[in-house]
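Engineer: Encoded as structure tokens, here's the structure I'll be asking about.
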Amino acid sequence: MARPKEFDERAAVGHAMDAFWVRGYEGTSTQALCEATGLGRSSIYNTFTSKHELFIRALDHYAERGIMARTALLEESGTGVERFGALFSYTIDEEVAHHGRGCLVVNTVAEFGGRDPEVKARIEADTRRHLALLSACAKEGQLDGTIDGDRDPGAIAEFAHSTVAGLRLMSRRGAGRAAMESVAAIALDAIAAK
């Protein structure tokens with residue numbers, strides 16, 4: 001009979017996510033993963049099979065948390081422009097709270113580019129989910145008259161998604177709240193109805 005696992009696998013993935021988020025994939029050694037998760041090497045490899053597989057699980061965990069938070073934010077009551085403003089503010093607050101960690105997805109794109117098909121597929125799936133959410137918010141904002149009705153909702157979604165990624169990169173390079181808020185204000189003005 002197999003011995004039952006004596007640890008919370010989801011919690012271990014969460015701790016590994018934090019390690020990868022701070023150090024990146026290449027910068028996170030197996031020893032760092034052992035320290036982050038509290039597991040020995042054999043437990044990590046027996047459960048997750050490889051560092052790469054654990055990274056994929058951590059990336060999925062991060063993406064799922066992110067889409068849940070943004071869905072809640074963008075489906076709240078308020079006008080379209082208010083919800084986009086809330087998204088930018090939320091992003092800035094997160095960056096300030098995490099001391100410039102950036103976004104694990106954005107950091108992964110910067111580190112991997114398109115060289116790993118499995119990572120690339122996950123990034124593309126996460127991006128599609130976010131763009132669909134942002135596009136729906138843009139359409140609703142056009143209907144309520146607060147988002148520029150002459151622009152394509154898909155283009156507005158791409159712009160907002162890029163703005164969020166840009167704010168996260170600004171934070172990674174050390175930009176402060178005031179600089180990020182200025183960029184967010186310009187972005188909001190660019191999509192607002194005139």
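Engineer: In this structure, does Leu74 turn out to be under 14 Å from the mean Cα position of the chain (by Cα), of a type in the set (A, V, I, L, M) and surrounded by 17 or more Cβ atoms within 10 Å (Cβ to Cβ)? Don't jump to the end; show me each part of the working.
Structural biologist: On the way: under 14 Å from the mean Cα position of the chain (by Cα): no; of a type in the set (A, V, I, L, M): yes; surrounded by 17 or more Cβ atoms within 10 Å (Cβ to Cβ): yes.
So Leu74 fails the test.
Engineer: Provide a single number: the residues in the stretch 102-115 that are open to solvent by less than 60 Å² (accessible area, probe 1.4 Å) and not in a helix (DSSP H, G or I).
Structural biologist: Here the count works out to 4.
Engineer: Pull up the stretch 151-188, narrow it to residues that are among the hydroxyl-bearing types (Ser, Thr, Tyr) and open to solvent by 40 Å² or more (accessible area, probe 1.4 Å), then point me to the one that is farthest from Gly80 (Cα to Cα).
Structural biologist: Ser182
Engineer: (1) farther than 20 Å from Gly24 by Cα; (2) out of contact with any Phe, Trp or Tyr (no Cβ under 9 Å at 6 or more places or on another chain): which one isn't true of Ala138, the others all being true?
Structural biologist: (2)
Each row is one residue, and each column tells you yes or no for (1) at pLDDT 95 or above; (2) among the small types (Gly, Ala, Ser).
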| site | (1), (2) |
| --- | --- |
| Glu6 | no, no |
| Tyr25 | yes, no |
| Phe55 | yes, no |
| Leu73 | no, no |
| Gly114 | no, yes |
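Engineer: Also, quick follow-up: Starting from the stretch 88-105, take each residue that is of a type in the set (Val, Ile, Thr) and list its partners that are surrounded by fewer than 21 Cβ atoms within 10 Å (Cβ to Cβ) and assigned to a loop (DSSP other than H, G, I, E, B), counting only C-beta distances under 8 angstrom and pairs at least six apart or across chains.
Structural biologist: Short answer, once both residue conditions are applied: none.
Engineer: Would you be able to tell me the number of residues in the stretch 26-58 that are polar (S, T, N, Q) and in a loop (DSSP other than H, G, I, E, B)?
Structural biologist: Going through the stretch 26-58, the residues polar (S, T, N, Q) turn out to be 28-31, 37, 42-43, 46-47, 49-50.
Of the ones still in play, those that are also in a loop (DSSP other than H, G, I, E, B) are 28-29, 49-50.
The number of residues fulfilling the criteria is 4.
Engineer: Check whether at least one residue in the stretch 144-152 is part of a helix (DSSP H, G or I) and not polar (S, T, N, Q), and report yes or no.
Structural biologist: Narrowing the stretch 144-152 to residues part of a helix (DSSP H, G or I): none.
No, the stretch 144-152 contains no residue that is part of a helix (DSSP H, G or I) and not polar (S, T, N, Q).
Engineer: Inside the stretch 123-146, can you point out the residues that are more than 12 Å from the chain's Cα centre (by Cα) and of a type in the set (Val, Ile, Thr)?
Structural biologist: If the condition is that a residue be more than 12 Å from the chain's Cα centre (by Cα) and of a type in the set (Val, Ile, Thr), then Thr146 is the only one that fits.
Engineer: Which condition number does Ser77 fail, the rest of (1) under 19 Å from Glu158 (Cα atoms); (2) in a loop (DSSP other than H, G, I, E, B); (3) not aliphatic (A, V, I, L, M) being met?
Structural biologist: Exception for Ser77: condition (1).
Engineer: A further question follows. Does any residue in the stretch 15-41 that is free of Cβ contacts under 8 Å to residues at least 12 places away in the same chain come within less than 7 Å, Cβ to Cβ, of a residue that is charged (D, E, K, R) and part of a helix (DSSP H, G or I) six or more places away or on a different chain, and which pairs are these?
Structural biologist: Close Cβ pairs satisfying both conditions: Cys34/Arg41.
Engineer: While we're here: Restricted to the stretch 27-66, and to residues that are in contact with a helix residue (DSSP H, G or I) (Cβ under 7 Å, 6 or more places away or on another chain) and exposed (fewer than 15 other Cβ atoms within 10 Å of the Cβ), which residue is nearest to Ala165 (Cα to Cα)?
Structural biologist: Restricting to residues being in contact with a helix residue (DSSP H, G or I) (Cβ under 7 Å, 6 or more places away or on another chain) and exposed (fewer than 15 other Cβ atoms within 10 Å of the Cβ), the top hit is Thr30.
Engineer: Tell me the residue from Ala97, Ala86, Ala125 that is within 30 Å of Lys51 (Cα to Cα) and either in contact with a helix residue (DSSP H, G or I) (Cβ under 9 Å, 6 or more places away or on another chain) or among the aromatic types (Phe, Trp, Tyr) (or both), please.
Structural biologist: Values: Ala97 fails: either in contact with a helix residue (DSSP H, G or I) (Cβ under 9 Å, 6 or more places away or on another chain) or among the aromatic types (Phe, Trp, Tyr) (or both); Ala86 fails: within 30 Å of Lys51 (Cα to Cα).
Of Ala97, Ala86, Ala125, the one residue that is within 30 Å of Lys51 (Cα to Cα) and either in contact with a helix residue (DSSP H, G or I) (Cβ under 9 Å, 6 or more places away or on another chain) or among the aromatic types (Phe, Trp, Tyr) (or both) is Ala125.
The values are calculated or read from the model by the stated rules, or taken from the named source; none is laboratory data. Because the structure is a prediction, the values reported are computed rather than measured. With ideal geometry, Cβ positions are generated from the backbone for all residues, glycine too; neighbour counts draw on all protein chains shown. With ligands, DNA and RNA removed, areas are computed over all heavy atoms of the protein, side chains included. Shrake-Rupley method; radii C 1.70, N 1.55, O 1.52, S 1.80 Å.
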